[in-house]
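Engineer: Take a look at the following structure, please.
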Amino acid sequence: VDGFLLCVDVSRGMNRNFDEQLKFVSNLYNQLAKTKKPAVVVLTKCDEGVERYIRDAHAFALSKKNLQVVETSARSNVNVDLAFGTLVQLMDKSRGKSKIIPYFEALKQQSQQIAAAKDKYEWLVGRIVKNHNETWANVSRKMQPSSEYQDYVYLEGTQKAKKLFLQHVHRLKQEHIERRRKMYLAVLPQALEALIPDLDEIDHLSCVKAEKLLETKPDFLKWFVVLEETPWDATSHVDDVENERIPFDLMETQPAEQLYEAHLEKLRNERKRAEMRRAFKENLETSPFITPGKPWEEARSFIMNEDFYMWLEESVYMEIYGRHQKQIIEKAKEEFQELLLEYSELFYELELDAKPSKEKMGVIQDVLGEEQRFKALQKLQAERDALILKHIHFVYHPTKETCPSCPLCVDWKIEQLLGSRFIRPSERNQKNLLADPNVDRINLVILGKDGLARELANEIRALCTNDDKYVIEGKMYELSLRPIEGNVRLPVNSFQTPTFQPHGCLCLYNSKESLSYVVESIEKSRESTIGRRENHLVHLPLTLILVNKRGDTSGETLHSLVQQGQQI
């Protein structure tokens with residue numbers, strides 16, 4: 001024997017007196033001391049140690065000269081190596097002296113070491129194990145060469161390593177199940193929408209009764225699968241990634257019931273919103289306050305109530321109102337056109353150019369003014385005047401282009417029909433212009449003071465179809481007119497806006513003053529765009545038009561205006 005480990009149990013033992021144990025140890029030490037061999041006092045079971053026992057054991061060792069004490073716990077594997085190392089150092093003085101660490105400090109260090117080793121081991125498991133179907137035998141064989149695995153097994157043992165592996169696999173499986181559950185629940189609203197979209201069929205059914213109804217549907221097996229074993233997450237179906245059908249027993253879970261209730265609520269809300277749309281539309285049709293051309297801001301207070309706001313946004317009502325306005329405006333225009341045909345005698349005595357004077361227009365409006373069909377377009381006076389001019393133009397120039405019924409005019413339809421069936425040889429390689437859906441757009445500025453611009457704009461509109469399209473030599477153009485009669489430096493009279501880029505400008509004059517206005521306006525518009533990257537106005541095509549007064553075909557004034565216009 002080269003040395004002794006003198007063990008003292010410092011835990012609270014059953015039917016054991018610590019003082020007697022310490023007296024026995026003291027006697028034993030006295031016998032060992034006679035051998036002149038080194039000895040170390042080892043306090044065991046410090047993980048359950050009693051503080052007074054530990055203190056008394058240290059006092060005993062202190063009473064003996066050079067007797068060292070090591071606090072240990074075999075269960076926690078704390079300071080066990082240190083106890084043997086300390087004794088070996090006493091036997092072999094050539095070895096370095098071991099530092100004796102108190103139990104709780106050593107326990108803390110070991111816990112940190114185990115925690116670090118555990119983190120590294122868990123990282124290794126996470127890197128290697130990606131599938132919840134992996135087995136311990138297969139994975140442990142892969143991990144054996146890794147230091148992370150070896151260090152953790154050395155500190156905590158194989159069973160704890162296996163336990164952590166099983167926890168990781170269980171976590172992977174739960175995550176996989178949760179992903180599948182979320183996928184099924186995401187598809188369930190679509191399945192309910194496809195199989196039971198009718199509110200009348202399910203309005204008073206509980207989720208349990210709805211399940212029975214679902215099974216009777218022809219497409220039931222397209223959306224659901226009935227498993228022999230349940231619950232679905234404990235069967236092989238959970239790993240059948242190719243099969244995306246919903247396990248039918250999932251319907252018995254609370255989230256599925258909530259989705260069924262949400263489906264019911266959605267159908268009820270959709271029905272209510274549809275009812276609100278119908279009620280609002282009926283309100284529009286029966287309200288005496290809704291007339292053609294009345295803005296939404298004026299009409300809203302007459303037709304809206306709190307129920308409407310509760311179910312739909314105002315933008316939805318505005319859209320319905322816009323469609324309704326379009327319908328009643330079209331109807332009002334058609335009825336007004338009928339009115340013009342009924343009063344055909346008003347248009348007999350016009351001059352051949354079919355351009356009525358202001359006095360004649362006043363007479364026409366006075367005669368028609370008492371008619372309800374005339375009053376219906378009270379808020380659309382510009383359109384009403386344009387319809388009158390268009391009608392006059394048709395009376396004196398009855399063509400398919402000027403026909404009020406265009407493009408429903410019979411002449412127009414026959415031409416389209418013939419054009420689509422009988423193509424001339426010279427046209428075989430060309431597109432049929434009448435059948436071409438692409439219509440060129442032309443934006444025109446009309447510049448002229450004292451009402452000249454507005455008057456020409458109305459006359460042009462009278463020559464257009466109902467949807468502002470103009471036909472020249474078989475080619476259809478969509479016209480957008482911008483009459484300007486004021487200071488062009490003001491935004492309201494600007495040649496171009498964010499939504500209007502002019503392609504050309506018609507400049508009207510009938511006097512020296514109006515010609516000066518045209519020249520100054522062109523110069524001001526060009527000055528305002530100097531230095532801009534895209535300066536369209538510099539190259540804007542301009543046409544100067546002398547507007548001759550009706551019947552005035554000679555005289556020095558007219559000759560002078562022609563010369564001045566040519567100079568400009």
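Engineer: Taking interchain pairs and intrachain pairs at least six residues apart, which have beta carbon atoms under 7 angstrom, with the first residue in segment 394-405 and outside the structural domain of I460 (by the TED database) and without any contact (Cβ under 8 Å) to a residue 60 or more places away in the chain and the second part of a helix (DSSP H, G or I) and buried (at least 16 other Cβ atoms within 10 Å of the Cβ)?
Structural biologist: V395/F347; K400/W412; C403/F394
Engineer: Pairs, please: C-beta under 8 Å, at least 6 apart or cross-chain, first residue over 16 Å from R271 (Cβ atoms) and in segment 194-217, second assigned to a loop (DSSP other than H, G, I, E, B) and open to solvent by less than 60 Å² (accessible area, probe 1.4 Å)?
Structural biologist: Final answer for the pair search is L195/K217; A210/I196; L213/I196; L213/L205; L214/I196; K217/I196.
Engineer: Return yes when A262 is open to solvent by 20 Å² or more (accessible area, probe 1.4 Å), small (G, A, S) and more than 30 Å from Q325 (Cα to Cα) and no when it is not. It would help to see each step written out before you state the result.
Structural biologist: Values: open to solvent by 20 Å² or more (accessible area, probe 1.4 Å): yes; small (G, A, S): yes; more than 30 Å from Q325 (Cα to Cα): yes.
So A262 fits the description; yes.
Engineer: Continuing with the same structure: With the requirement that a residue be open to solvent by less than 70 Å² (accessible area, probe 1.4 Å) and closer than 12 Å to G486 by Cα, what does segment 444-476 give you?
Structural biologist: I446, L447, G448, K449, G451, L452, A453 - these are the residues of segment 444-476 that are open to solvent by less than 70 Å² (accessible area, probe 1.4 Å) and closer than 12 Å to G486 by Cα.
Engineer: So which helices (runs of 4 or more DSSP H) stay within segment 331-397 end to end and still have 3 or more residues that are open to solvent by 80 Å² or more (accessible area, probe 1.4 Å)?
Structural biologist: Working: elements: 358-368, 372-375, 381-396.
Qualifying helices (runs of 4 or more DSSP H): 358-368.
Engineer: Consider I303 against the criteria (1) open to solvent by 80 Å² or more (accessible area, probe 1.4 Å); (2) within 30 Å of Q381 (Cα to Cα); (3) touching a helix residue (DSSP H, G or I) at 6+ places or on another chain (Cβ under 8 Å): it satisfies all of them except one. Which criterion is unmet?
Structural biologist: (1)
Engineer: Among the residues of segment 498-507, is any small (G, A, S) and within 24 Å of D450 (Cα to Cα)?
Structural biologist: Going residue by residue through segment 498-507, those that are small (G, A, S) are 504.
Going one step further and asking which of them are within 24 Å of D450 (Cα to Cα), we end up with 504.
Yes, the conditions are met somewhere in segment 498-507.
Engineer: Here's something else I'd like to know. If I go through segment 162-180 residue by residue, how many of them are open to solvent by 60 Å² or more (accessible area, probe 1.4 Å) and either within 22 Å of Q254 (Cβ to Cβ) or polar (S, T, N, Q) (or both)?
Structural biologist: We begin by selecting, within segment 162-180, every residue open to solvent by 60 Å² or more (accessible area, probe 1.4 Å); these are 162-163, 166-167, 170-171, 173-175, 178-179.
When the remaining residues are screened for being either within 22 Å of Q254 (Cβ to Cβ) or polar (S, T, N, Q) (or both), the result is 167, 173-175, 178-179.
Adding up the residues that qualify gives 6.
Engineer: A follow-up question, please. Could you check V225 against (1) within 24 Å of N133 (Cα to Cα); (2) open to solvent by 80 Å² or more (accessible area, probe 1.4 Å) and say which number it fails?
Structural biologist: Checking V225 against (1) within 24 Å of N133 (Cα to Cα); (2) open to solvent by 80 Å² or more (accessible area, probe 1.4 Å), the one that fails is (2).
Engineer: Also, I was wondering about something else. Look at segment 131-161 and say how many of its residues are open to solvent by 70 Å² or more (accessible area, probe 1.4 Å) and either assigned to a helix (DSSP H, G or I) or of a type in the set (D, E, K, R) (or both).
Structural biologist: 7
Engineer: Out of F500, F495, which single residue is open to solvent by less than 40 Å² (accessible area, probe 1.4 Å), out of contact with any Leu (no Cβ under 8 Å at 6 or more places or on another chain) and at pLDDT below 90? Talk me through it step by step, then tell me what you get.
Structural biologist: Numbers: F495 fails: out of contact with any Leu (no Cβ under 8 Å at 6 or more places or on another chain).
Selected residue: F500, the only one of F500, F495 that is open to solvent by less than 40 Å² (accessible area, probe 1.4 Å), out of contact with any Leu (no Cβ under 8 Å at 6 or more places or on another chain) and at pLDDT below 90.
Engineer: For segment 482-504, what are the residues that are under 18 Å from N458 (Cβ atoms) and outside any loop (DSSP other than H, G, I, E, B)?
Structural biologist: Of everything in segment 482-504, those that are under 18 Å from N458 (Cβ atoms) and outside any loop (DSSP other than H, G, I, E, B) turn out to be R482, P483, I484.
Engineer: Related question: Of all residues in segment 272-312, which are part of a loop (DSSP other than H, G, I, E, B) and either closer than 20 Å to E330 by Cβ or without any contact (Cβ under 8 Å) to a residue 12 or more places away in the chain (or both)?
Structural biologist: To start, the set of residues in segment 272-312 that are part of a loop (DSSP other than H, G, I, E, B) comprises 287-295, 304-305, 312.
Across segment 272-312, the qualifying residues are S287, P288, F289, I290, T291, P292, G293, K294, P295, N305.
Engineer: Polar (S, T, N, Q) and in contact (Cβ under 8 Å) with a residue 40 or more places away in the chain, is that true of N131?
Structural biologist: Details: polar (S, T, N, Q): yes; in contact (Cβ under 8 Å) with a residue 40 or more places away in the chain: yes.
The answer is yes for N131.
Engineer: Of the residues that sit in segment 505-538 and are at pLDDT 85 or above and outside any helix (DSSP H, G or I), which one is nearest to I442 (Cα to Cα)?
Structural biologist: Ranking the candidates gives C505 first.
Engineer: Scan segment 40-60 residue by residue and report those that are crowded, with 20+ Cβ neighbours inside 10 Å and free of Cβ contacts under 8 Å to residues at least 40 places away in the same chain.
Structural biologist: V41, T44, K45
Engineer: Would you confirm, using the coordinates I've provided, whether Y321 is under 21 Å from I303 (Cβ atoms), surrounded by 12 or more Cβ atoms within 10 Å (Cβ to Cβ) and either of a type in the set (S, T, Y) or modelled with pLDDT under 90 (or both)?
Structural biologist: Criteria met by Y321.
The values are calculated or read from the model by the stated rules, or taken from the named source; none is laboratory data. Because the structure is predicted, anything quoted here is derived from the model rather than measured. Note that each Cβ is placed from the backbone with ideal geometry, even for glycine, and that neighbours are counted across all protein chains shown. Quick note on the areas: whole protein, heavy atoms, side chains included, nothing else; ligands and nucleic acids left out. Shrake-Rupley method; radii C 1.70, N 1.55, O 1.52, S 1.80 Å.
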